Amino acid sequence: MVRQKIKIKKIDNLTARQVTFSKRRRGIFKKAQELSVLCDAKVGLLVFSATGKLYEYASSSMKDVLTRYNQHFHDINQRERPLELQVLENSINHAELSKEVADKTQLLRRMKGEDFEGLNLDELQQLEKRLEAGLKRVIKTKEKLITDEIVALQKRLEDESRQLKQKMSMMYKGKSPSMVDKDIAIQEAVSLDSMNNVCSCNSCPSLDDDSSDISLKLGLSFPD
């Protein structure tokens, strides 16, 4: 039996129209998906029903498809524009960029203490404030770096002191008291010099008043 060909025109019956819309919509979405898979095509499909409801399908994402669509027509419009107009716009952009580069270069020279000609009092005061703010940032960054270095050195010194304690405890096993006292004096002098070198650049307490504090800082305990 030959299938009767349906005449393409608006369906007057509302129920039949809604049923047909639902079937045809699913069919066209299925065809769009097959086209995308079989041919590796980028497909975007938008359908609005008679009531204004949106149905959509995209092979990747609708946003990517629409972005590519807009870029495609933008490129076409650019190519179709008169060459004289394109040259004029490029010339204007080039002039604006050149002026911006010149202004930034001049500002950099002035910040380096050069090319003050043509500046009035207000402009000089603004430049002075900008330099003062920059100097404060430099000082703050420098203080942070120095503080970090001091902290790192103090940590290294603590590690060295801990290792020294372990090694000296092992070394003094079996030695006479006189030899222990002599070695302690040598180690105190070396440790005192190291601690003073680290602390002299900051507000660390002085170690010159009582050299016996070294033994306490190192946590050393020696046999009598």
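The values are calculated or read from the model by the stated rules, or taken from the named source; none is laboratory data. This structure is a prediction, so every number in the text was calculated from the model and none was measured. For neighbour counting, all protein chains shown are included, and Cβ atoms are generated from backbone atoms with ideal geometry for every residue, glycine included. Keep in mind that these areas ignore ligands, DNA and RNA; they rest on the heavy atoms of the full protein, side chains included. Shrake-Rupley method; radii C 1.70, N 1.55, O 1.52, S 1.80 Å.
Of the residues that make up region 9-28, is at least one of a type in the set (Phe, Trp, Tyr) and under 48 Å from the mean Cα position of the chain (by Cα)? Before the answer, list the steps.
Residues of region 9-28 that are of a type in the set (Phe, Trp, Tyr), as a first pass: 21.
Imposing the further condition that a residue be under 48 Å from the mean Cα position of the chain (by Cα) reduces the set to none.
Checked against the condition, which is being of a type in the set (Phe, Trp, Tyr) and under 48 Å from the mean Cα position of the chain (by Cα), region 9-28 yields no hits at all.
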Regarding Ile184, is this residue modelled with pLDDT of 85 or more, open to solvent by less than 80 Å² (accessible area, probe 1.4 Å) and part of a helix (DSSP H, G or I)?
no
Testing Val47 on (1) part of a helix (DSSP H, G or I); (2) among the β-branched types (Val, Ile, Thr); (3) modelled with pLDDT of 90 or more, one condition comes back false. Which one is that?
(1)
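Can you report the number of residues in region 13-36 which are without any contact (Cβ under 8 Å) to a residue 12 or more places away in the chain and not in a loop (DSSP other than H, G, I, E, B)? Let's see the steps before the verdict.
Applying the first criterion (without any contact (Cβ under 8 Å) to a residue 12 or more places away in the chain) to region 13-36 yields 13-16, 18-20, 22-24, 26-27, 30-31, 34-35.
With the extra rule that they be not in a loop (DSSP other than H, G, I, E, B), the set shrinks to 14-16, 18-20, 22-24, 26-27, 30-31, 34-35.
Residues flagged as without any contact (Cβ under 8 Å) to a residue 12 or more places away in the chain and not in a loop (DSSP other than H, G, I, E, B) within region 13-36 amount to 15.
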Top-ranked residue in region 79-104 [being open to solvent by less than 70 Å² (accessible area, probe 1.4 Å) and at pLDDT 70 or above; ranked as farthest from Lys129 (Cα to Cα)]:
Ser91
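Yes/no per residue for (1) in a helix (DSSP H, G or I); (2) at pLDDT 85 or above; (3) open to solvent by 80 Å² or more (accessible area, probe 1.4 Å):
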site	(1), (2), (3)
Leu108	yes, no, yes
Arg130	yes, no, yes
Asp148	yes, yes, no
Met195	yes, no, no
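Among the residues of region 13-34, which ones are among the hydrophobic types (A, V, I, L, M, F, W, C), over 16 Å from Tyr69 (Cβ atoms) and either surrounded by 12 or more Cβ atoms within 10 Å (Cβ to Cβ) or touching a strand residue (DSSP E or B) at 6+ places or on another chain (Cβ under 6 Å) (or both)? Show your work before the answer.
So the first thing to find is which residues in region 13-34 are among the hydrophobic types (A, V, I, L, M, F, W, C), and the list is 14, 16, 19, 21, 28-29, 32.
From what's left, over 16 Å from Tyr69 (Cβ atoms): 14, 16, 19, 21, 28-29.
Hits for region 13-34 are Val19, Phe21, Ile28, Phe29.
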